[in-house]
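Student: The structure's right below; bear with me while I get my questions together.
The values are calculated or read from the model by the stated rules, or taken from the named source; none is laboratory data. Being a predicted model, the structure only gives us computed values, none of them experimental. When we count neighbours, we look across all protein chains shown, and the Cβ atoms used for this are built from the backbone with ideal geometry, even at glycine. Accessible surface is based on the protein model in full, side chains and every heavy atom, while ligands, DNA and RNA are left aside. Shrake-Rupley method; radii C 1.70, N 1.55, O 1.52, S 1.80 Å.
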Amino acid sequence: MKHPTLIASGALTAALVLLPSCDRAAKACDHQPGELLLGCMDPLSAEEDARGAARAGDLRLVAVPGYSLEIPGTELTGHEASSRYGIIVVQGASDVLSDSEAEAMEIAVAYAERYNTVMMNALGVRRSSTVTAPGAPLP
C-alpha cells in the first residue's frame, strides 16, 4: 500500500509545478470587458457570451481582421457591420500568422460565427439561405 502522505505530496508538487504556466496563460488572456484577444476565445462559450452581451444592451458584432475585416456568421462587410451595429475587433489577429496563430485564428472565426449568429437573431436579422464558409467570397 502506498503511503498517503507521499501521494498527497506528489499531487501537491504537480499542482505547484503547473500553477506558474496557468498563471502566465491567465495573464496573457487578461483583458478589459468587451475586448477579445486572439488565442483567448472559447467557441463553446460564444453563444452564452452573446446572450449575456445582448441582455446588457451590447449588440455589437465580432469582427475578425485578416486580409480584410470579416464578420463571420453574417453577410455584412466590416464597414456595414460597424456602421449599423458596432463591432468588437479581435485583437492580435491579422493576415500574417505563425502556425500557432493560424490555429488561434480558426478558433476566433468559429467563436465569431457562433457569437454573431446569436447576436443577429437578437437584432431580428435573418440570414439568407446562402451560407458561405468563413473567408469565402460572398455570392
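Student: Residues V118, V96, V125: which one is touching a Gly at 6+ places or on another chain (Cβ under 9 Å), of a type in the set (A, V, I, L, M, F, W, C) and at negative phi?
Tutor: Just a single option satisfies the conditions, and that option is V118.
Student: If you take the residues in segment 93-107 that are open to solvent by less than 70 Å² (accessible area, probe 1.4 Å) and touching a residue at least 24 places away in the same chain (Cβ under 8 Å), which one is farthest from the chain's Cα centre (by Cα)?
Tutor: S94
Student: Tell me which residues, restricted to segment 90-120, are of a type in the set (S, T, N, Q) and touching a Ser or Thr at 6+ places or on another chain (Cβ under 9 Å).
Tutor: Residues satisfying the conditions are N116, T117.
Student: Next up: Which one is modelled with the lowest pLDDT, of the residues in segment 25-43 that are assigned to a loop (DSSP other than H, G, I, E, B), open to solvent by 30 Å² or more (accessible area, probe 1.4 Å) and hydrophobic (A, V, I, L, M, F, W, C)?
Tutor: Here the residue is C29.
Student: Which condition does G86 not pass, out of (1) open to solvent by 60 Å² or more (accessible area, probe 1.4 Å); (2) without any contact (Cβ under 8 Å) to a residue 40 or more places away in the chain; (3) more than 14 Å from the chain's Cα centre (by Cα); (4) closer than 17 Å to N121 by Cα, if it passes all the others?
Tutor: If we test G86 against (1) open to solvent by 60 Å² or more (accessible area, probe 1.4 Å); (2) without any contact (Cβ under 8 Å) to a residue 40 or more places away in the chain; (3) more than 14 Å from the chain's Cα centre (by Cα); (4) closer than 17 Å to N121 by Cα, just (1) comes out false.
Student: Starting from residues that are of a type in the set (G, A, S) and under 17 Å from A108 (Cβ atoms), keep the ones in segment 47-83 and report whichever is surrounded by the fewest Cβ atoms within 10 Å (Cβ to Cβ).
Tutor: Per the criteria, the residue is S68.
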